[in-house]
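These notes are about the structure you will find just below.
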Amino acid sequence: MALTREQVENIAHLARLELEAGEIPQFQQNLSRIVDFIGELERADTAGVAPMAHPLPGLAQRLRPDAVTERDEHELYQKNAPQVAAGLYLVPKVIE
Amino acid sequence: MIHRETLTQLSADLRARKVSSVELVRTFLARIEASQPTLNAFVSITAEQALADAEAADRRLAGGGGGALEGVPIGHKDLFCTAGVRTSCGSRMLANFVSPYDATVVARLKAAGAVMLGKLNMDEFAMGSSNETSHFGPVRNPWNTALVPGGSSGGSAAAVAARLLPAATATDTGGSIRQPAAFCGITGIKPTYGRVSRYGMIAFASSLDQGGVLAASAEDAARVLREMAGFDPRDSTSVDTPVPDYLAGLGAPLQGVRIGVMKEFFDTGLDPEYERRVREALAVFERLGARVREVSLPNLPLSVPVYYVVAPAECSSNLARYDGVRFGHRCRDPRDLQDLYKRSRSEGFGAEVKRRIMTGTYVLSAGYYDAYYLKAQRVRRLISADFERAFGEVDLLMGPTTPTAAFALGAKTADPITMYLNDIYTISANLAGLPAMSVPCGFAAGLPVGLQIIGPHFAEQALLHAAHRYQLETDWHQRIPEQYA
């Protein structure tokens, strides 16, 4: 199935990616190939087969006790932040 | 020559004070520096810290103390977080990211006394099978530098193959330990999903990712894995089941062990000379008393399309965290928040990562979720059931690790599907969460060939024992590329 330019642009937007105009045909071609390739799955008979999300059968996600285990280490973590002030992450103005 | 010794031997020599950790670290650091312009196996070399750690290890050894790997040099794939050291994940996005904490794997190996020499190059966010998608440039194969080392753990594999390190950590989401092990002629093990903690391991596809080891032999891999494995309350998918001593009983006879040869892995895509080497290896197991027979896992050929739905879906979700706000690359002068997100991500990620994020976004988007994502999860169960059935009849499964030996740089970059098909024999073990290894079993046209061994859940010990027993009979794992010998 060939994806249209508009479809590729829409996927990029949903993924919060900005493609340059010149790159779009390449992504369009690659993604169309990938969609064709994964389309092979259609042929598999999966009637009555439950989806498998976890690779270990029968294991349920473990719960931990509802207790405070982490310390406040925002200064350490914010060392990697592009822009902070007064312990807050800075972003462009959102509300006028 | 000290660099040719196995990790097992080096560890014994350290303990016996025949060699010091400082000597070892200096030897391997010199080899790393000399190889870097050619192989590019490392993203960061932590020489100063390594020498300080080696001195401390030597003091502990002098006092008769120290852990199981005290003073042994190792390296970490650059997606394991290392406190105070850059962890780039092979991406521009994290080119300046300094981990605030250690991954559990890193902390455990540190506690066992291992000395880290640096962080190893890899495909960007572990997405690739050739190490060509790294922001820090491709890694080259020490057997022939015109060829790729495999990926995504290409730096780890090239470093061990060239004996720049006796062992390295790696991760495997669809073959990223086993395929580079096969291409570089070394031993690699991907444990059962949940066996090794994923805490501090940068996420790609959370239901498939698993950390493991690349080493020169099964015995060395067992020695490192023994320290890495085990329950970790910080990883909600870590399984709370005891870790056996992988070294105990190594070399036990293979008499009566039932080996299934996976028919579907000997398809038309398999190189004939590669196949001969694998068949010769199977004959060795037969000679050692194993009962070898053919088995069929009919849904295995669907592994690659299942993977390219499930892995991109999980990747698009995991990589949503890179927003240019809290850490990672941020674009200059964003106009507004949308522009900040979009340009930071577009500048920070390479083409393959973008392809996978977009594939994942597509299969999860409204109207396609059932057709692709749920469908792939159903086929995943069929593949898993094939394995379960097979393990009702045999103890271990064997086949080739890859369809061909290492290929040339640039040979498969034009079409993503051609690259993806390179993992056709490795992906199924990840989908089913099974432990799997690649073991060197000869050469095809002068290049290393890998025998793949897959076992039931938590059967790492059986895999390591079979591989070790094979390595007592053969010397393929001892071959080192001439230039690095």
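Note on segment B:293-323: residues that are more than 8 Å from every other protein chain (Cβ to nearest Cβ) and not in a helix (DSSP H, G or I) total 7.
Here is a check on your reading of the model: is A:Asp45 touching a residue at least 24 places away in the same chain (Cβ under 8 Å), charged (D, E, K, R) and more than 7 Å from chain B (Cβ to nearest Cβ)? Reasoning before the result, please.
Details: touching a residue at least 24 places away in the same chain (Cβ under 8 Å): no; charged (D, E, K, R): yes; more than 7 Å from chain B (Cβ to nearest Cβ): yes.
In short, no.
Does B:Ala462 qualify as being in a helix (DSSP H, G or I), more than 15 Å from the chain's Cα centre (by Cα) and within 16 Å of B:Met262 (Cβ to Cβ)? So B:Ala462 fails the test. Would you be able to say whether some residue in segment B:429-440 is touching a residue at least 40 places away in the same chain (Cβ under 8 Å), surrounded by fewer than 21 Cβ atoms within 10 Å (Cβ to Cβ), over 16 Å from B:Leu208 (Cα atoms) and not acidic (Asp, Glu)? Scanning segment B:429-440 turns up no residue that is touching a residue at least 40 places away in the same chain (Cβ under 8 Å), surrounded by fewer than 21 Cβ atoms within 10 Å (Cβ to Cβ), over 16 Å from B:Leu208 (Cα atoms) and not acidic (Asp, Glu).
Every condition in (1) closer than 30 Å to B:Asp386 by Cα; (2) crowded, with 23+ Cβ neighbours inside 10 Å holds for B:Ser344 except the one numbered (1). Applying the selection to segment A:45-96, what residues are in a loop (DSSP other than H, G, I, E, B) and in contact with a Gly (Cβ under 7 Å, 6 or more places away or on another chain)? Scanning segment A:45-96 gives A:Pro55, A:Leu56, A:Pro82. The residue that is farthest from B:Ser153 (Cα to Cα), counting only those in segment B:403-454 that are among the β-branched types (Val, Ile, Thr), in contact with a Ser or Thr (Cβ under 9 Å, 6 or more places away or on another chain) and away from every other protein chain (no Cβ under 14 Å), is B:Ile453. Note on segment B:97-108: among residues that are at the interface with another protein chain (Cβ under 10 Å from one of its Cβ atoms) and in contact (Cβ under 8 Å) with a residue 40 or more places away in the chain, the one that is surrounded by the most Cβ atoms within 10 Å (Cβ to Cβ) is B:Ser99. With respect to the stated conditions, B:Arg326 is part of a loop (DSSP other than H, G, I, E, B) and basic (Lys, Arg). Here is the figure for segment B:224-242: residues that are in contact (Cβ under 8 Å) with a residue 24 or more places away in the chain, out of contact with any strand residue (DSSP E or B) (no Cβ under 8 Å at 6 or more places or on another chain) and away from chain A (no Cβ under 14 Å) total 4.
In summary, B:Leu421 fulfils each of the numbered conditions (1) at pLDDT below 95; (2) surrounded by 21 or more Cβ atoms within 10 Å (Cβ to Cβ) with the single exception of condition (2).
With respect to the conditions (1) under 21 Å from the mean Cα position of the chain (by Cα); (2) facing another protein chain (nearest Cβ under 7 Å), A:Gln28 lacks only one, and its number is (2).
Determine whether B:Arg355 is on the phi < 0 side of the Ramachandran plot and more than 8 Å from every other protein chain (Cβ to nearest Cβ).
no
Contact map, segment B:324-340: first residue without any contact (Cβ under 8 Å) to a residue 60 or more places away in the chain and within 22 Å of A:Tyr77 (Cα to Cα), second residue surrounded by 19 or more Cβ atoms within 10 Å (Cβ to Cβ) and aromatic (Phe, Trp, Tyr), Cβ cut-off under 9 Å, separation 6 or more or different chains; pairs are B:Gly324/B:Tyr341; B:Val325/B:Tyr341. Cβ-Cβ contacts under 9 Å between residues 6 or more apart (or on different chains), taken from a first residue in segment B:412-426 that is more than 15 Å from B:Thr402 (Cα to Cα) to a second residue that is part of a loop (DSSP other than H, G, I, E, B), are listed as B:Thr413/B:Ser130; B:Thr413/B:Glu132; B:Thr413/B:Thr133.
So, in segment A:2-22, of the ones that are surrounded by fewer than 18 Cβ atoms within 10 Å (Cβ to Cβ) and touching a Phe, Trp or Tyr at 6+ places or on another chain (Cβ under 9 Å), which residue ends up farthest from the other protein chains (Cβ to nearest Cβ)? Filtering first and then ranking leaves A:Gln7. The condition (being farther than 24 Å from B:Ile417 by Cα, in contact with a helix residue (DSSP H, G or I) (Cβ under 9 Å, 6 or more places away or on another chain) and surrounded by fewer than 16 Cβ atoms within 10 Å (Cβ to Cβ)) is satisfied by just one residue among A:Pro82, A:Pro65, A:Pro25, A:Pro57: A:Pro57.
The values are calculated or read from the model by the stated rules, or taken from the named source; none is laboratory data. Fair warning: this is a prediction, and the values are worked out from it, not measured in the lab. Cβ sites come from the backbone with ideal geometry, for glycine too, and all protein chains shown count toward neighbours.
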